Protein chains: 2
Amino acid sequence: MNVKDMARAMKHDAPALAASSIEMRNDALAHIASAIESNAEKIFAANQEDLALADENGVSAAVKKRLKFDEGKMKDVISGIQMLMTLDDPIHQVQLDRELDKGLELKRVTVPIGVIGVIFEARPDALVQISTLCLKSGNCAILKGGKETAHTNKVLFDTIYQAAIDSGLPRHCLVQVSAHNEIDELLTCEGDVDLLIPRGSNAFVQYIMNHTKIPVMGHADGVCSIYIDEYADMKKIIPLVIDAKTQYTAACNAVETVLVNRKVAKDILPMLKEAFDEAHVKMHGTHEVNEIIPVEIMEDFHKEYLDLEVSLKCVADVKEAVDHINQYGSHHTDAIITENQENADYFLDRVDSAGVYVNASTRFADGFRYGFGAEVGISTSKIHARGPVGLDGLVTYKYKLYGHGQIVSDYASGKKQFHFKDLD
Amino acid sequence: MNVKDMARAMKHDAPALAASSIEMRNDALAHIASAIESNAEKIFAANQEDLALADENGVSAAVKKRLKFDEGKMKDVISGIQMLMTLDDPIHQVQLDRELDKGLELKRVTVPIGVIGVIFEARPDALVQISTLCLKSGNCAILKGGKETAHTNKVLFDTIYQAAIDSGLPRHCLVQVSAHNEIDELLTCEGDVDLLIPRGSNAFVQYIMNHTKIPVMGHADGVCSIYIDEYADMKKIIPLVIDAKTQYTAACNAVETVLVNRKVAKDILPMLKEAFDEAHVKMHGTHEVNEIIPVEIMEDFHKEYLDLEVSLKCVADVKEAVDHINQYGSHHTDAIITENQENADYFLDRVDSAGVYVNASTRFADGFRYGFGAEVGISTSKIHARGPVGLDGLVTYKYKLYGHGQIVSDYASGKKQFHFKDLD
């Protein structure tokens, strides 16, 4: 079957998965966890093939670390699935129950989104997390992982798929595509695929967004900022900024821009310079910053480095910091360092980002760290799910109306009146 | 100012409106209501100009009825605003409050979407409803109404805008554009406009969707179906079908396709023929239907007539009805007529539409009839708001994280552990 036919088949099976009970879906998760454990040797052997190929192809040590699927990673994914099983059913939840008139009852219930296509990086644990999140939320999923983990993904996917089917889930609940050109075919499946979640580079996500009519959840860039207020606690500044910049530079929630209140710039910039030098972070900044500490002059604050580089700028106050972030940031995650409640509230209320933090590192923007168990991605969209997308972000709702033959004509003519009574 | 500059100015003012208190926004609504009342004569006079022009241009009676803004319509919009004032604040609602670790608190709070562009038909009451819904939900709005109500809209908008500003709302909270070519300019304002809500013909909505990178909320077509089950209560069938087809044929929630269970088709189709003939509804149908009652032969079930025409087809059971609706319908609103609980549940759970009804007319799909006060439109999107879009559909959320200097490094290294405690 080609991708289009698979998507059509999934669309046809999606209502059955949407109607499935939480018991059946949790049972499938339990089967998946034990099947992965039983097939451990086969999975590790496939992973060895991927690692050998990575060596041959001169893949970097950082990427190889992510490719690797060993006992430790297996333990993590199994406990991830077990945690997912304990979470409440995200679908079949009644959000509104209202009697419109006698014998005419309206319910708003959560339902899965339907068929979701997820394109993710070369990490075997990502395949397990994404497929189990989709099944728990009643969604059919088309999975495309990175080519560097092709062998591991094949064995892992076959294991997960067989366990899901054996538990009674519909035949087309999951599918894996492996060829890169199949991504372009997937992009044309509007009507059958309800949502795409691409994970990867800015350029890749932009490409997806510009070449499909299917809604796309996620974010292209992550230009996160930290504003150091004049009321910042000096002791908190360096640990926060260094963690946000260096703890994992390739992450979308790593900080790219540090804004410093002008009134305290002469004290703070030299402190930052010392810490950045020690951490081998290259500093870019405005002419004003350069008068206090030596930096490479720059003016483009849209820049996402994803590396040991940072942009520095002075601002007059929290108001200018908010304006800067709303204009140059990417509405992902931004933080203020301050002990002043008023300035903190101003920042939290007015920065238009999915995450707004006071005195915490931007690196906390993550589904696991928010207690969601896992995430399929982080969304900067304001339409539907925003921030780390866990189970809640994978569902929508439908309205169910239960009548006894009521017609609109009677209400339009005034013969009958609605009474809108919310039921418990 | 051109549209692009206005959108930029609104984007800048949006955070201030997002941070405004419910008292200030309700106060603005109260001012708007009394300003409309005070300016009644001016508004009626402008409306007379529009009506005179409509006469000159030979506008149809149905459209003229919608153009008209008289004492009755004014009473309706005023009571609509008063009702809106009584509703809870849709923003600043805490949806999640969780302690991640000691001194590290995460809140998910509802926030406005930001800047919304609404393009709507020639109905002065629509201008009042949309602008007040947007202000109540803390959104800035760019309004473009139908040209046939240009005079009325100008006076109404000036009245509403002045009252909003006098109440302290930000200067760029509302703007009206009137030239048709400004719509194309609006479509290029991605980055400043967060959402577009077009109301109008299928072709118009499709045009908007295909010519902008801004998310679009709404629906292009409304191919709604009613399935008459073998367990239908005979007395309910004709009133429901006739109401759904004829109560307002131009509406998106009017029924276009009636599916009849084959086992009872010989009894029901002749009944339907008699009722449709009486209501002057032209019948299209399959060869199988034509063997029982005379119909025009057709096979294209994607058809939206928006007129006194209907498609008829026989199906084997509720399963085939669901498959037909999911394939040919537009995921808007679909109904089953049955007294069988199992078939009703099967239909409600598996039809993938924003509204799924049992024994009620599809014409109930409407914000007022759902008790939302008013609506800005009806959405068939599964990403974010679905069905009639009232206040809830005009907000999203952001995550606020309150720390005391916490860094990710401590959690990544295992030095500290999250404890994820949901707070009341």
For the stretch B:218-328, what is the relative contact order in percent, using Cα pairs closer than 8 Å and at least 6 residues apart in sequence? 32
Write down the radius of gyration of chain B and its Dmax, each obtained from C-alpha positions, in Å. 24.8, 79
Placing each pseudo-label 7 Å from Cα in the direction of the beta carbon, B:ASP158 and B:GLU339 end up separated by a distance in nanometres of 6.2
Compute the length gained on full extension between A:ASN181 and A:LYS263: take 0.36 nm times their separation in residues and subtract their Cα-Cα distance, giving the result in nm to one decimal. 24.1 nm
If you restrict to DSSP beta bridges whose two residues both lie in the protein assembly as shown, what percentage is antiparallel, to the nearest 5? 30
How long, wide and thick is the stretch B:224-364, going by the Cα atoms along their three principal axes, in whole angstroms, largest first? 33, 31, 28
Measuring label to label, 7 Å along Cα→Cβ, what does A:SER38 give against each other copy in nm, shortest first? 7.8
Overall Cα dimensions of the stretch A:175-239 - principal axes, largest extent first, Å: 53, 22, 20
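Computed FRET efficiency, Cβ-Cβ of A:GLU288 and B:THR188, R0 51 Å: what is it to the nearest 0.05? Provide the component values of the computation, followed by the final result.
Details: r = 34 Å, r/R0 = 0.67.
The formula returns an efficiency of 0.90 here.
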Reachable aspartates and glutamates from A:LYS245, Cα under 16 Å, same-chain residues fewer than 8 places away excluded? A:ASP221, A:GLU256, A:GLU274, A:ASP277, A:GLU278, A:GLU304, A:ASP307, A:GLU309, A:ASP334, A:ASP366, B:ASP410
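Per residue Cα convex hull volume for the stretch B:126-271, in cubic angstrom?
Values: hull volume 23.9 nm³, N = 146.
With only Cα atoms used, the stretch B:126-271 gives 164 Å³ per residue.
Using per-residue counts of other Cβ atoms within 10 Å, averaged over each peptide, order B:341-348, B:116-123 from highest down.
My ranking of the peptides, most packed first, is B:116-123, B:341-348.
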Just add up the charged neighbours of B:SER21: K/R +1, D/E -1, any other residue whose Cβ is under 13 Å from the Cβ of B:SER21. -3
Ratio for the stretch B:29-76, C-alpha Rg to 2.2 N^0.38 Å, reads 1.28
How far, in nm to one decimal, is A:PHE420 from itself in the other copies if the label point is set 7 angstrom along Cα toward Cβ? Shortest first, please. 3.8
Taking each pair of distinct Cα atoms in the stretch B:305-424 once, what is the resulting Kirkwood hydrodynamic radius in Å? 18.4
Grab the beta carbon distance between A:ASP300 and B:MET1, set R0 = 22 Å, and tell me the FRET efficiency rounded to 0.05. 0.25
Please give the length that would be gained between A:GLN95 and A:ALA412 if that part of the chain were fully extended, namely 0.36 nm times their separation in residues minus their C-alpha to C-alpha distance (nm, one decimal). 111.4 nm
Scan chain A for the residue whose Cβ is closest to the axis carrying it onto chain B, then write down that distance in whole angstrom. A:HIS384, 2
Where the convex hull is taken over the Cα atoms of the stretch B:192-279, what is its projected area averaged over directions, in nm²? 7.5
Hey, which of these cross-link pairs are over 18 Å Cα-Cα: B:LYS102/B:LYS421; A:LYS107/B:LYS313; A:LYS65/B:LYS415? A:LYS107/B:LYS313; A:LYS65/B:LYS415
Karplus-derived 3J(HN,Hα), 6.51/-1.76/1.60, for each residue of the stretch B:398-407, Hz, glycine and proline x: 9, 9, 10, 10, 10, x, 9, x, 4, 10
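Using only the Cα atoms of the protein assembly as shown, construct the convex hull and provide its projected area averaged over every direction, in square nanometres to one decimal. Display every interim value, and only then the final one.
Values: hull surface 145.2 nm².
Result: a mean projected hull area of 36.3 nm².
For Cα pairs less than 8 Å apart in space and 6+ apart in sequence, what is the mean separation divided by the residue count of chain A, i.e. the relative contact order in percent?
On the way: 814 pairs, mean separation 81.2, N = 424.
Reported relative contact order: 19 percent.
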How far is B:GLY191 from itself in the other copies, in nm, if each label sits 7 Å out from Cα along the Cα-Cβ line, shortest first? 3.4
Quick one: what does P(r) look like for the stretch A:76-146 with 5 Å bins over all Cα pairs, in whole %? 4, 14, 19, 17, 16, 10, 7, 6, 4, 3, 1, 0
Each label point is 7 Å from the Cα along the Cα-to-Cβ direction; what then is the distance between the points at B:LEU87 and B:ASP307, in nm? 3.6
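Would you mind ranking B:ILE325, B:ILE183 by Cβ crowding within 10 Å, fewest neighbours first?
Details: B:ILE325 29, B:ILE183 20.
Fewest-to-most ranking of B:ILE325, B:ILE183: B:ILE183, B:ILE325.
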Name the residues of the stretch A:102-137 whose amide N is less than 12 Å from a point 7 angstrom out from the Cα of A:HIS404 along the C-beta direction? A:102-105
Just grab the label-to-label distance for A:GLN327 and B:ASP76, each label 7 Å out from Cα along the Cβ direction, in nm (one decimal). 4.5
In Å, the Kirkwood estimate of hydrodynamic radius for the stretch B:26-127 over Cα pairs equals 17.2
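A short reminder: the numbers here are calculations on the coordinates, not readings from a lab. None of these values were measured; they are calculated from a predicted model. Note that we place each Cβ from the backbone using ideal geometry, even for glycine, and neighbour counts take in every protein chain shown.
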